[in-house]
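Presented below is the structure to which this report refers.
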Amino acid sequence: MKATALAHPNIALVKYWGKRDEARILPHQSSLSVTLAPMHVTTTVEFGAVEADVVELNGATAKGGEAARVLAALDLVRALAPKLGKAKVVSRGDFPAAAGLASSAAGFAALAVAARAAAGLPRDVRAESILARQGSGSACRSIQGGVCVWKKGTALDGSDSFAEQAFPDSHWPQLRLVVAMVSREEKEVKSRDGMRTTVETSPYYPAWARNAEAEIQPALAAIAARDLQAIGELSERNAWRMHATALAADPPLCYLKPATLAVIHALAAERRAGRPMYFTLDAGPNPVILTDEANELRAVELARACGATEVVRGQPGGDARLVDAHLF
């Protein structure tokens, strides 16, 4: 009745932006991401040992919507294995919560794996991906390592909306992703609210969804060839187009800071000097630099020179997995 799992965050190169079903967290378009090591979240779940559900995230008791999402995921597991009882959940991450890496993605992926195992259910990456998705959309892409594609699906119940591994982490070991944390400020508009506003009010949104869906196959081809220039250029234009839809929302949503643009412009200069460096950017100010092993340290220097207060270095990571060391 007790299990612990470890999962890595992921960075989307073809972004997820906008839901067709808010309750089930079903996207309008497919997305593609790279699972990142060594950053990870570890989560322990135990059923039947407490009289009331307890959720602790990074040393603090979860409250409000944060706690509600975890409990909703647990209820989905309890529906599959009755008489489990109340649960205790403890989750801890080893990377900055404001680093531009979706801690909720790693957290809900680890929760999905640990909760199902604690309930006595067998490992099933599709079922785990669907469960993780209902806690945090991008979490479905952290169940497996390497490069994963979240298929948007068409079923109303979300049964065909899950992530599948396209390439294992061993496919491109030289790939590096460097997070330039230029701001720790909490976003004025959360991603969930920003997505909703964009879908409802941006005239660019339908074009964005069509274009993002069309980018999946070219992205897979570029990664298959380990073509950093091709995937870098695709990642940059996909990020720009996502932010363009947000800027065109009513009211406009601008997640960029001056230092964000400083990093982006500096990367263009690096490419003119022959160093392959590209960016991707989620709904926040902290760009992620795509480069190779040979230029990783240069990317770190550039990020700091442009105002990054902290830099997180990542490379393709492995699958979410069960571990023996429990958190309680």
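Each reported figure results from applying straightforward, stated rules to the coordinates on display, with no laboratory input. Just so we're clear, the structure is a prediction, and the values are computed from it rather than from any experiment. Glycine gets a Cβ as well: all are built from the backbone with ideal geometry, and neighbour counts include every protein chain shown.
Quick notes on this one:
- Distance distribution note for the range 31-186: the fraction of Cα pairs above 27 angstrom is 24%.
- Scalar couplings 3J(HN,Hα) for the range 259-274, obtained by applying the Karplus form with A = 6.51, B = -1.76, C = 1.60 to θ = phi - 60°, are 5, 4, 5, 4, 5, 4, 5, 5, 5, 4, 5, 4, 5, 5, 8, x Hz; x denotes Gly and Pro.
- Residues 71, 6, arranged from fewest to most other Cβ atoms within 10 angstrom of their Cβ, appear as 71, 6.
- In the structure shown, the pairs 63/190; 86/190; 15/152; 151/257; 15/151; 63/86 are assessed against 21 Å; a Cα-Cα span above that value is assigned to 86/190; 151/257.
- Counting only Cα atoms, the chain measures 62, 41, 37 Å along its principal axes, largest extent leading.
- Lys/Arg +1, Asp/Glu -1 at C-beta; the chain dipole; positive extreme among 136, 6, 286: 136
- Estimated dipole of the chain in Debye, rounded to 20 [Cβ of Lys and Arg +1, of Asp and Glu -1, Cα centre]: 120 debye
- Estimated from helices alone, the mean residue ellipticity of the chain at 222 nm is -11500 deg cm²/dmol (sum of -39500 (n - 2.57) over DSSP H runs with n ≥ 4, per residue).
- Rel. contact order, % - alpha carbon contacts under 8 angstrom, at least six apart, the range 2-170: 29 percent
- When peptides 49-61, 15-27 are sorted by average Cβ neighbour count within 10 Å, with the highest value leading, the order is 15-27, 49-61.
- Using θ = phi - 60° and Karplus 6.51 cos²θ - 1.76 cosθ + 1.60, couplings along the range 169-174 (whole Hz; Gly, Pro as x): 4, 6, 5, 9, x, 7
- Helix 228-247 and the long axis of the chain differ in direction by around 80°, with both axes built from C-alpha atoms.
- Summing Cβ point charges (Lys, Arg +1; Asp, Glu -1) relative to the Cα centre of the range 108-182 gives a dipole of roughly 120 debye.
- Rounded FRET efficiency, nearest 0.05, which uses the C-beta distance separating residue 185 from residue 49 and R0 of 30 Å: 0.20
- Two-site FRET efficiency, residue 171 against residue 1, from Cβ-Cβ distance with R₀ of 45 Å, rounded to 0.05: 0.75
- Nearest 10 degrees, 0 to 90: helix 296-305 Cα axis against the chain principal axis: 80 degrees
- Test item: Cα-centred dipole of the range 23-169, Lys/Arg +1 and Asp/Glu -1 on Cβ, debye: 180 debye
- Distance in nm between pseudo-label sites at residue 214 and residue 298 (7 Å out along the Cβ direction from Cα): 3.3 nm
- Packing-based order for 76-86, 286-296, using average beta carbon neighbours within 10 Å, highest first: 286-296, 76-86
- Placing pseudo-labels 7 Å out from each Cα toward the beta carbon at residue 76 and residue 207 gives an inter-label distance of 3.4 nm.
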